[in-house]
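Q: Here you go, one structure.
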Amino acid sequence: MRFIKFIIISILILSLLVTGISLLFPSTVIASRAIEIKTAPQKIAYFVSDLNHWKEWMSDWKENKVRLENNTAYIGTQTVQLLSKTDHAVNYRWVATGQSPYLVQFEWTLLKDSSYVIHWSFEQKVKWYPWEKFQTLLNDKILGAKMELELQNLQAALNQKSMP
């Protein structure tokens, strides 16, 4: 009986400790990457502002069946919905099953001589649950590597394809 009581108290203390540590993590996490490229802003907008053109640079969209309806794309268990766009930015809501939704933003900023920085960010707001907070530790590693690959694909598409 004493051993069972010890185990229950240990589990309770460990749970409180893990929850307390997770409360120190931020509730909003942003993973972002950027790339510099010399191109026209209309060409950048062509590829990132229209979900129909994502198949030309997003590897998941090339490998999987994507269904487009209005301003929303369905790919596997994920949904990407256009929220807003301007002349220099576009916002999407990206929902993956089992995760809090992401606010995805592309911004392109003029540097000099038609050279632009394309900044891509994923912002996620999570609840106080320890498993959600600890999951955010992996976001930058997992999303960051994928974002770098996709930005390279975008750069290749921008360099080789002319707009219709």
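Q: Check off (1) within 24 Å of K125 (Cβ to Cβ); (2) assigned to a helix (DSSP H, G or I); (3) within 24 Å of the chain's Cα centre (by Cα); (4) of a type in the set (S, T, Y) for S32 and give me the number that stays unchecked.
A: Every listed condition holds for S32 apart from (2).
Q: On to the next question. Can you tell me which of (1) in a helix (DSSP H, G or I); (2) β-branched (V, I, T); (3) surrounded by 14 or more Cβ atoms within 10 Å (Cβ to Cβ) is the one I7 doesn't meet?
A: (3)
Q: Here is a follow-up. Taking Y46, is it aromatic (F, W, Y), in a strand (DSSP E or B), more than 13 Å from the chain's Cα centre (by Cα) and closer than 20 Å to N159 by Cβ? I'd like the intermediate steps shown before the answer.
A: Values: aromatic (F, W, Y): yes; in a strand (DSSP E or B): no; more than 13 Å from the chain's Cα centre (by Cα): yes; closer than 20 Å to N159 by Cβ: yes.
It is false that Y46 is aromatic (F, W, Y), in a strand (DSSP E or B), more than 13 Å from the chain's Cα centre (by Cα) and closer than 20 Å to N159 by Cβ.
Q: Mind checking which residues of the stretch 1-49 are more than 25 Å from V90 (Cα to Cα) and of a type in the set (D, E, K, R)?
A: Of everything in the stretch 1-49, those that are more than 25 Å from V90 (Cα to Cα) and of a type in the set (D, E, K, R) turn out to be R2, K5.
Q: List every residue pair whose Cβ atoms lie under 8 Å apart, where the two residues are 6 or more positions apart in sequence or sit on different chains, the first residue falls within the stretch 29-51 and is more than 21 Å from W61 (Cα to Cα), and the second residue, located anywhere, is among the β-branched types (V, I, T) and surrounded by fewer than 18 Cβ atoms within 10 Å (Cβ to Cβ).
A: E36/V117
Q: Quick check on my filter: what residues within the stretch 105-164 are surrounded by 18 or more Cβ atoms within 10 Å (Cβ to Cβ), of a type in the set (V, I, T) and closer than 21 Å to S84 by Cβ?
A: I118
Q: Looking only at the stretch 32-70, how many residues end up being surrounded by fewer than 14 Cβ atoms within 10 Å (Cβ to Cβ) and of a type outside the set (A, V, I, L, M, F, W, C)?
A: So in the stretch 32-70, the residues surrounded by fewer than 14 Cβ atoms within 10 Å (Cβ to Cβ) come out as 36, 38, 40, 42, 52, 59, 62-65, 67, 69-70.
Add one more test, that the residue is of a type outside the set (A, V, I, L, M, F, W, C), and what stays is 36, 38, 42, 52, 59, 62-65, 67, 69-70.
The number of residues fulfilling the criteria is 12.
Q: Can you tell me which residues in the stretch 136-161 are of a type outside the set (A, V, I, L, M, F, W, C) and without any contact (Cβ under 8 Å) to a residue 12 or more places away in the chain? Break it down stepwise before answering.
A: First pass over the stretch 136-161, keeping only residues of a type outside the set (A, V, I, L, M, F, W, C): 136, 139-141, 144, 146, 148, 150, 152-153, 155, 159-161.
Scanning the stretch 136-161 gives K141, K146, Q160.
Computed from the coordinates by the stated procedures, all read-outs in this text should not be read as laboratory data. Small disclaimer: the values here were computed from a predicted structure and weren't measured. Glycine also receives a Cβ, built like all others from the backbone with ideal geometry; neighbour counts cover every protein chain displayed.
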